Structure formats: C-alpha cells, structure tokens
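Some notes on the structure that comes next.
Quick note: the coordinates plus some simple rules give every number you see, no bench work behind them. As the structure is a computational prediction, the values presented were derived from the model and not from experiment. Methodologically, a virtual Cβ is constructed for each residue, glycine included, from the backbone with ideal geometry; neighbour enumeration extends over all protein chains shown.
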Amino acid sequence: MRASLVVRGGTVVEAGWSARADVFVAGGVVVALAEPGTPAPSGTVEIDAGGALVMPGGVDPHCHVGFTSGDFTSLDDYARCTTAAVFGGTTTIVDFAIPRPGQRPADVAYAQRAKASQGLCDSALHACVVEWDATVPDQLAALVADGMPTVKMFTTYRGETMANEDTILRTMTVLRDLGGLVVIHCEADHIIGDAQERCAASGRIGAEHMAATRPELAETASVAEVLAIAESLRAPVYFVHQSTAEAVELVAAARRRGVAAFTESVAHHLVLDDGLYGGPVPERFVCCPPLRPRGAVDALARHLFTGEITTIGSDHCCYDVAQKESRRSDVRVMPNGLPGVETRLPVIFSEFVAGRGLPATRFVELTAANPARTNGLYPRKGTLMPGADADIAIWDPSVRWTVTSGDLHMATDYTPYEGMTLTGRPRTVLVGGRVVVHDGMLADAAPRGRHIAAGPVTLTPSLL
Ligand SMILES: [Zn+2]
C-alpha cells in the first residue's frame, strides 16, 4: 500500500458509522481505511492513536475572522484564528466577506479570499449581499464559479448589513439557479428596534438587559418570513445560529413539506443560558441572538438528538474584555459576538457525547460532515473516506480538563466557558497529513492554508 503516514490503533468515527481501522495517508490525502495492523511500506511514519477516536477534522461553518462591525474590529487574523481552530480539532473554517456600506460584495470576497494562505489550515468563504443592484447577478455568478456559492444575508442591523425582503428574494432566486445557497441571520429588525427603544426608555439597555432587547419572537417571525420566500421560490435556505426550538421546528416543518431548509445551531446557544446576564460580567456574553432562558436552551439542545439540527457552528467573533466593557452600558453600540472557534468541538463533545449520550457519529455529522455538505466542501472535507484531505483529529474521549482562557489560543483574554470542566479533547491534529498539534503543543507553525473552492450547493431536504 502506497503511504507516507498511517494512523493506527484508533476507532475511526464517520458521520454514519465507526469501526477500528488504520488510516493511510499519502500526498496529503487519505488513500485507504484498512484493517487494523495492515502492513505499511518501510519508511511510513506511524502515529499511534492509542485507542482514541480518529475523526475527520472539524469544519466550522460560521467563523468571523477580523470582522468589523460598528466601531469595533474583532482581534484575530487568519494565522491566529486557524491556530486556535486546529488546537480545538477544527481543520477547516468558513469565514465571511461582509461588505461595508458602498462596497461591492465580489470585491470584498476576492480580497478576503487572498488571506487564506496565512492560515494553518484551509478555509472557505461566504460572500454577502446587503443591497440589490443590477450588477448583483453577475457578481453572484462569478462568486459561484470561483468557489464561493454560499451568500450570507441578514434581516437585522439596519443601515449596516440588513437586506430587505425584495433583496433576499432576488438573491435567493439567482443563487437557486446557480447552485448557490443563501445562509441567513434571521431576527426581525422592527421588533428588535421596538424592544430596544422600550428598554432604553426605561434605562434598561446595558449588557445585563441583553436578553430583553432581542426577543425570541423576533427570530421566529423572521424565520417564518424567509421560509415563505424560499418555499415560494423552491430555493434552498440555511438558517445560521438558530437559538430557539420554535425556530428549529419551523424549519423542520418546511423540510417535511419538501423545502431544502436547514438549521445551524451554535455552541453557546446549546450550552449557556441568559442567567449569565445577571452575573458579574454580562458583557462577555453579549451575542446576537442573545443567550436564552435555561428551558429554551434545553429545548433547543433536544433537537441535536431528534436530527432537526443540521450543523453546529461557533459564530466565532473574537473581541477582548476591554472591547466588550467599553460600551457595556448600551447593547446597541457594544461589540456583540463570542470567541469560540477553539472551544466549539470540546464543549459540544463534553456536554452532549460524554455527558448526554449523543453518538460520536452524530457529533461528526453535526460538526464536520454536514457543515462540509452544506458548504459544497464534501467529500473533500468532513470525512476520512479515501480521496478526502487528510485533516484528522485524534480525540481522547475521556481526558478531563478545565477550560481557562490563558491556555487557549484565540486572540482574546477571556472565554465564555472559563472554569468549566470538560471531558474529551483532541490529542493530535493533522492538517493535510502533517501533524500540526500534538499533546497541546504546536508541532508545525508553517502557514499552508488554502482557500478551498466550494462546489455548487445542490441540496435536497435530505441534504444529499
Ligand atoms: Zn455570525
């Protein structure tokens, strides 16, 4: 068997199955999954997985790198973000190219794409349309042809990134015909604007009141509207960071009617609750949509088990404590978003696989295979089947460790999970067949990241 490296002694975990197997790698890709003990040619590097889980590296479908919003820019770049990603077992990130007012979506996307080479791992990119004009269809055609078929849209952040319903409908129509996909942040801006105004009028607009400023109904209403657009167009649609079971169930019901509609949830909405806004550092938990009450968190998390949640992202947005504190008295102007690219996999594994019996195969499906599928990256990413890139997380499922921001690698000085004791973490992470992280140490800091040109996204309700 031709190979330069083999990972032996582990249990390979794929989205649909797991089995003891050795993983043979050559030229940066998986060339075979073989019976344990299959001989390798002399000179092959052998990595002993020591009984650990051998999983495809995570694919984070929602990651903001060096993102500017309002007066704030998040603090990382491709080198920092991908370093943190790899330490957390994630080997592909999907970033966003979000235009500022007046910028052309395609210009921003091509400029952002050029940064991929600074990364320790590969990346892909979501483009973004805010305003419709006659040039948008040609821009979208170019973007899809150049491997950027997914386009972020927002129904909130008026004056910044909010798109109106006409623009959403037209963009969705064009992308449907091109093999593209609208990925959308749904919160009805008029409902949020009204809630914020009423909160401000009574002096309750600081970070500790975050939950009241963005009600669950705003999300439900906007998801229903966008689903109706997608259904009428017979277009696929992917909802980012759905934070309530009601929103997830609207999407699931549409899927049962034949709409190719999918739910992303993000780690913090599945684990953390709005009680943190009543604590000593509420600003560190300000994100949109906000953290929800414990009952809503648990209802959302149940859909990891029902199958109604398609992917888990991080919605990584790396602000530090000083940025978060600087405008904590007014959530309308403070930076929202939480650092999470490094903690996404360990937190979800610990909470749901180790803690609540979610099958490891379902974990791989939610965090690697399905994000690759919905982004046109499968089967190059999100699987270890022969032909896939040899991006591999060798995962110790039973090690206990305590999260502390000083031990993490994100470009910030806090983590929302500070002090939490977790079970399981990656021990060794390979990117393109190279060991990049081993035993908590960076083994190869050379930036070899590539922009991965995504294929057309042709999704049916069953994802295939
Ligand atoms: Zn986001």
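Is region 216-365 best put as rounded, prolate or oblate by its Cα gyration tensor, with a ≥ b ≥ c the root eigenvalues, rounded for a/c under 1.5, and otherwise prolate when a/b is larger than b/c, oblate when not?
Since a/c reaches 1.5 but b/c is at least a/b, the shape of region 216-365 is classed as oblate.
What relative contact order, as a whole-number percentage, does region 223-340 give when Cα pairs under 8 Å and 6 or more residues apart are counted?
Over region 223-340, the number comes to 26 percent.
Hey, what number do you get for the chain at 222 nm if only DSSP H runs of n ≥ 4 count, each worth -39500 (n - 2.57), divided across all residues, to the nearest 500?
-8000 deg cm²/dmol, from helical runs alone.
According to the Kirkwood expression over distinct Cα-Cα pairs, how big is the hydrodynamic radius of region 333-376, in Å?
Over region 333-376, the inverse of the mean reciprocal pair distance is 11.9 Å.
Against the longest alpha carbon principal axis of the chain, how many degrees, from 0 to 90 and to the nearest 10, is the axis of helix 189-201 turned?
Tilt relative to the chain: about 70 degrees.
Enumerate the calculated ³J(HN,Hα) couplings along region 220-230 in order (Karplus 6.51 cos²θ - 1.76 cosθ + 1.60, θ = phi - 60°), each rounded to whole Hz, writing x wherever the residue is Gly or Pro.
Values per residue, Gly and Pro as x: 4, 4, 6, 4, 4, 4, 5, 4, 5, 4, 4 Hz.
Semi-axes, largest first, in whole Å: what does sqrt of 5 times each Cα gyration tensor eigenvalue give for region 163-288?
30, 16, 12
So what's the net charge close to TRP132: Lys and Arg +1, Asp and Glu -1, counting the other residues with Cβ under 13 Å from its Cβ?
Surrounding charge for TRP132 is -3.
Using the Cα centre as the reference, give the magnitude of the dipole from point charges on the C-beta atoms of the chain (Lys, Arg: +1; Asp, Glu: -1; all else neutral), rounded to the nearest 20 debye.
Taking the Cα centre of the chain as origin, the dipole is about 720 debye.
For each of TYR414, TYR277, count neighbouring Cβ atoms within 10 Å of the residue's Cβ, then give the residues from fewest to most.
TYR414, TYR277
For region 239-307, what number results from the quotient of the Cα radius of gyration and 2.2 N^0.38 Å?
With N residues counted in region 239-307, Rg over 2.2 N^0.38 Å equals 1.19.
What order do you get for CYS317, CYS128 when you list them from fewest to most C-beta neighbours inside 10 Å?
With the fewest neighbours first, CYS317, CYS128 line up as CYS128, CYS317.
Quick one: compute a quarter of the convex hull surface over the Cα atoms of region 314-453 and quote it in nm².
10.2
Rounded to whole Å, give me the distance from the Cα center of region 435-457 to that of region 91-116.
Between the Cα centres of region 435-457 and region 91-116 lies a distance of 19 Å.
I need SER74, SER405, SER202 ordered by Cβ neighbour count within 10 Å, fewest first.
So the ranking, lowest neighbour count to highest, is SER202, SER405, SER74.
In whole Hz, what ³J(HN,Hα) sequence does region 119-125 give by Karplus (6.51, -1.76, 1.60; θ = phi - 60°), x for Gly and Pro?
Using θ = phi - 60°, the values come out as x, 7, 9, 6, 8, 10, 9 Hz.
If you wrap a convex hull around the alpha carbons of the chain, what volume per residue comes out, as a whole number of Å³?
Here the figure is 123 Å³ per residue.
With N residues in region 1-153, what two-decimal value do you get for its Cα radius of gyration over 2.2 N^0.38 Å?
Compactness ratio reported: 1.34.
Just need the relative contact order of the chain here, percent rounded to a whole number, with Cα pairs under 8 Å and 6+ apart.
22
Of LEU250, PRO105, ALA322, whose Cα points farthest to the positive end of the dipole of the chain (charges on the beta-carbon: +1 Lys, Arg; -1 Asp, Glu; origin at the Cα centre)?
Looking along the dipole axis, the top candidate is LEU250.
Tell me which of LEU217, TYR238, ALA195 sits at the most positive position along the dipole axis of region 180-258, charges placed on C-beta atoms (Lys, Arg +1; Asp, Glu -1).
Among LEU217, TYR238, ALA195, the one farthest towards the positive end of the dipole of region 180-258 is TYR238.
Of the beta bridges DSSP finds with both residues in the chain, what % are antiparallel, to the nearest 5?
Beta bridges within the chain, antiparallel portion: roughly 50 percent.
First measure r as the distance between the Cβ atoms of GLN103 and ASP298, then evaluate 1/(1 + (r/R0)^6) with R0 = 35 Å and state the FRET efficiency to the nearest 0.05.
Result of the calculation: an efficiency of 0.30.
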